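Read-outs throughout are calculated quantities, based only on the coordinates presented, and are distinct from any laboratory measurement. Note that the structure is predicted; figures quoted are calculated from it, not measured. Here Cβ is always computed from backbone atoms with ideal geometry, including for glycine, and neighbour counts include all displayed protein chains.
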Amino acid sequence: MSEYNRSAYIMDHPAEAQRLADKVDALGWLQRYYAPYIDRSAAVLSVGCGPGHFLDVIATQYPHVSVTGVDVSVARVSDARKRNERHANVVVEKADIHNLPIAANSFDFIEARFLFEYLKDKERALAELARVCRPGGVVCLQDLDGQLVFHYPEDSRVLSLQNVLSHLSNTGFDVFVGRKLFSLAKAAGLVNLTVQIDAYHMIIGKIKTFDLDLWNRKLSIAEPVIAQVCGPKKAQEVISGFLDYLQDEDTLTYSMLFTVIGQKP
């Protein structure tokens, strides 16, 4: 994949970068998952950095750390550079995770968040992260497991979307990638592995208006890809049905967030 496109990355859309920015508390995430590792690092790499919100927060909180962000999207690299132009310690480059133009043993801490679910060659991608990590350095992988598939009670509104998801595997999209990160990290030679599992997308009863808007935006962005599977009319029915399900007082929807941290020997 030299460039994300509709066949390679199903969420390649300018609105997706803003949706993710609206959704995530970057500072809170940093403090919860990354802070202990970044605090003792000299060089940090964010892979799939998008529009650079995390780069901005890391550079602000840790001005002594050299921060590099890479993304395969030209538009998102441009956005990230603009957002971080005030930081002398931030560099943003266009790069493909499968073939990083980075010397081996370059970074103390590497993070890849919500990226592996979209990659076709996950083994090669992780091998690259291990290669550019310094001995003793840390790689942090975070991804979802069960996105859009864990619901109760199940009915046609969610089953229709699940049927669509099963046809997207040829793009690399994997709704169960979270549980696979441990094995991938181990195969890449990382050691001292830890695994943390947190509830994510926890929607109990009727969804909140803010969260409904995020889901509406997400599925609208993905609609052209869904339409490739089932046709434009059916795609609209699938999306509207799922959004209707989320507004049902008697339903529960959730996914799990896996955080896998490993050290390069």
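A few comments on the model shown:
- Cα-based Rg / Dmax (Å) for the stretch 166-243: 16.8, 49
- Computed over the chain, the P(r) tail beyond 28 angstrom holds 34 percent of alpha carbon pairs.
- Three principal axis extents describe the C-alpha atoms of the stretch 117-265; from largest down they are 51, 31, 23 Å.
- Separation between Cα centres of the stretch 105-127 and the stretch 58-83, rounded to whole Å: 17 Å
- Secondary-structure-derived ellipticity at 222 nm for the chain, considering helices only, amounts to -11500 deg cm²/dmol, per-run term -39500 (n - 2.57) for DSSP H runs with n ≥ 4.
- Efficiency of FRET between residue 127 and residue 193 - r from beta-carbon atoms, R0 22 angstrom, step 0.05: 0.90
- Relative contact order computed over the stretch 101-232 (Cα-Cα under 8 Å; 6+ residues apart), in percent: 26 percent
- Kirkwood-Stokes translational diffusion coefficient of the stretch 33-83, alpha-carbon pairs, 37 °C, 0.692 mPa s, µm²/s: 297 µm²/s
- The chain - percent relative contact order, Cα under 8 Å, separation 6 or more: 21 percent
- Put simply, the amide H of residue 43, placed in the peptide plane, has neighbours under 5 Å in 66, 108, 109, leaving out anything fewer than 5 places away on its chain.
- Under a Gaussian network description of the chain, with springs only between Cα atoms under 10 Å, the residue in 197, 58, 239 that fluctuates furthest is 197.
- Of 122/186; 94/264; 23/218; 186/264, those spanning more than 18 Å from alpha-carbon to alpha-carbon: 94/264
- Spin-label model distance (nm) - residue 179 vs residue 24, 7 Å beyond Cα toward Cβ: 2.4 nm
- Computed over neighbours whose Cβ is under 15 Å from that of residue 187, the net charge equals +4, Lys and Arg +1, Asp and Glu -1.
- If only the Cβ of Lys and Arg carry +1 and only the Cβ of Asp and Glu carry -1, the dipole of the stretch 118-234 around its Cα centre is close to 160 debye.
- Neighbourhood charge, 12 Å Cβ-Cβ cut-off, centred on residue 245 and excluding it, Lys, Arg +1 and Asp, Glu -1: -4
- The value for the stretch 39-163 of Rg(Cα) / (2.2 N^0.38 Å) is 1.22.
- Cα gyration tensor category, rounded, prolate or oblate, for the stretch 139-183 with a/c compared to 1.5: oblate
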